[in-house]
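Have a look at the structure below, then the notes.
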Amino acid sequence: MPKQKTHKGLAKRVKVTARGKVVRRHTFRGHLMSGKSGNRRRRLRRPVTASPADTRRTLEVLRRR
């Protein structure tokens, strides 16, 4: 049976840290930024770790366990 391939679309969007956490970018950053406050825009710049449920599902797709 051949090996499962990594989902390249997801691999380009997330990064797995050395401890196994999944780091992703914020949503709501594409456009319409003028209607959002400066504090909110600054917060949206920073990457964030995915929730435990998303982390588990993401790692399954990336590593194809």
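Readers should treat all values here as calculations from the given coordinates under stated rules, not as data from a laboratory. Values in this document were obtained by computation on a predicted structure and should not be read as measured data. Here the Cβ positions follow ideal geometry from the backbone for every residue, glycine too, while neighbour counts run over all protein chains shown.
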How far, in nm, would the chain grow between S51 and R63 when pulled straight, counting 0.36 nm per residue and subtracting the alpha carbon separation? 2.5 nm
Sum of -39500 (n - 2.57) over DSSP H runs of 4+, divided by residues of the chain (222 nm, nearest 500): -10000 deg cm²/dmol
May I ask which residue of P2, V22, S37 lies farthest towards the positive end of the charge dipole of the chain, with charges of +1 (Lys, Arg) and -1 (Asp, Glu) on Cβ and the Cα centre as origin? S37
Compute the Rg to Rh ratio over the chain from the alpha carbon atoms, using the Kirkwood formula for Rh, and round to two decimal places. 1.10
Sequence gap of 8 or more, or different chains, plus Cα separation below 22 Å: how many lysine pairs satisfy both in the chain? 6
